[in-house]
Amino acid sequence: MQAHEIEYHIFGEEMQYVEIELDPQEIVIAEAGSFMMMDNNIQMETIFGDGSGQENGLFGKLLSAGKRVLTGESLFMTAFINQNITKSKVSFAAPYPGKIIPIDLTQFDGKFICQKDAFLCAAKGVSVGIEFSKKLGRGLFGGEGFIMQKIEGDGMAFVHTGGTLAIKELVAGEILKVDTGCIVGFTKGVDYDIEFIGGIKNSIFGGEGLFYATLRGPGTVYIQSLPFSRLADRIIASAPRAGGSSQDEGSLLGGLGSMLNGDRRF
């Protein structure tokens, strides 16, 4: 094994956190802002990149960090090292309601592809980089929300999903069409592309965007019901305007307009 072998336990239902048990000198890496709590003898250290490729010196560190820059992430990650002579624990929390998925890379042929904001933490030695696309459509029409990361190695990684999680097992040649933001990740055998929805009415009045992702098996696909971008859009749309009034307050047709736009539920 190249990656550190860690043990874990996931707590909670809707707002989960993962508790990771580290043997002496074992290390787990995490995205900034995911830390929740840790035992006293665990040391926290900021590292350049994802901690992989360190044996290759400065070049390995620059390559590791460069992959993160391409996905819009920070140059740095945080490493948590157990400096105790016995086992110690560190916990990481989900950023918003949803589920934490443990990914054992040894069961996925050493590679898992996920949305750039899905990664939570992983054992040291796991590589987190960009999944380069050879298809023009993905780059031109996928949008910023369809930048995919690849998690590689032979250790444990943890990704976060929003809302309710759906897992689809695709057989060879089977196609699944998904909103680009609803994709959490998939195994490396799945072929993915961007497809135009088509139709003037669908494009102008559909409200679902102009493109969706097509996923072709064989492989496993993880889908979330509540992407963070969708949650943020709802919050922004409902936020009060300057002066303390919301969109509908003070408007005779405000409530009716919201119902016509589908923003009100009965």
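In table form, for the structure just shown:
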quantity: Contacts under 8 angstrom Cβ, first residue in segment 180-191 being at positive phi and in a helix (DSSP H, G or I), partner among the acidic types (Asp, Glu) and open to solvent by 20 Å² or more (accessible area, probe 1.4 Å), 6 or more apart; calculated: none
quantity: Neighbours by Cβ (under 6 Å, 6+ apart or cross-chain): first from segment 210-224, on the phi > 0 side of the Ramachandran plot; second part of a strand (DSSP E or B); calculated: GLY219/LEU170; GLY219/PHE186; GLY219/THR187
quantity: Residue match in segment 108-119 (condition: open to solvent by 80 Å² or more (accessible area, probe 1.4 Å), out of contact with any His (no Cβ under 9 Å at 6 or more places or on another chain) and at pLDDT below 85); calculated: no
quantity: Tally of residues being part of a strand (DSSP E or B) and over 24 Å from the mean Cα position of the chain (by Cα) across segment 1-43; calculated: 2
quantity: Matching option when the condition is in contact with a Ser or Thr (Cβ under 7 Å, 6 or more places away or on another chain), surrounded by fewer than 21 Cβ atoms within 10 Å (Cβ to Cβ) and modelled with pLDDT under 90, among GLY66, GLY53, GLY33, GLY57; calculated: GLY53
quantity: Any chance GLN2 is polar (S, T, N, Q), at pLDDT below 85 and more than 30 Å from THR180 (Cα to Cα); calculated: yes
quantity: GLU19 open to solvent by 50 Å² or more (accessible area, probe 1.4 Å) and either touching a strand residue (DSSP E or B) at 6+ places or on another chain (Cβ under 7 Å) or modelled with pLDDT under 90 (or both); calculated: no
quantity: Selection status of ILE223, under 27 Å from PRO95 (Cα atoms) and either at pLDDT 80 or above or part of a helix (DSSP H, G or I) (or both); calculated: yes
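Let's see how each residue does on (1) at pLDDT 85 or above; (2) out of contact with any strand residue (DSSP E or B) (no Cβ under 6 Å at 6 or more places or on another chain); (3) charged (D, E, K, R); (4) open to solvent by 50 Å² or more (accessible area, probe 1.4 Å):
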{"site": "GLY163", "(1), (2), (3), (4)": "yes, no, no, no"}
{"site": "GLU174", "(1), (2), (3), (4)": "yes, yes, yes, yes"}
{"site": "VAL190", "(1), (2), (3), (4)": "yes, no, no, no"}
{"site": "ILE200", "(1), (2), (3), (4)": "no, yes, no, yes"}
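The values are calculated or read from the model by the stated rules, or taken from the named source; none is laboratory data. Just so you know, these numbers come straight off a predicted model, no measurement behind them. Glycine gets a Cβ as well: all are built from the backbone with ideal geometry, and neighbour counts include every protein chain shown. SASA here: full protein model, heavy atoms, side chains in, ligands and nucleic acids out. Shrake-Rupley method; radii C 1.70, N 1.55, O 1.52, S 1.80 Å.
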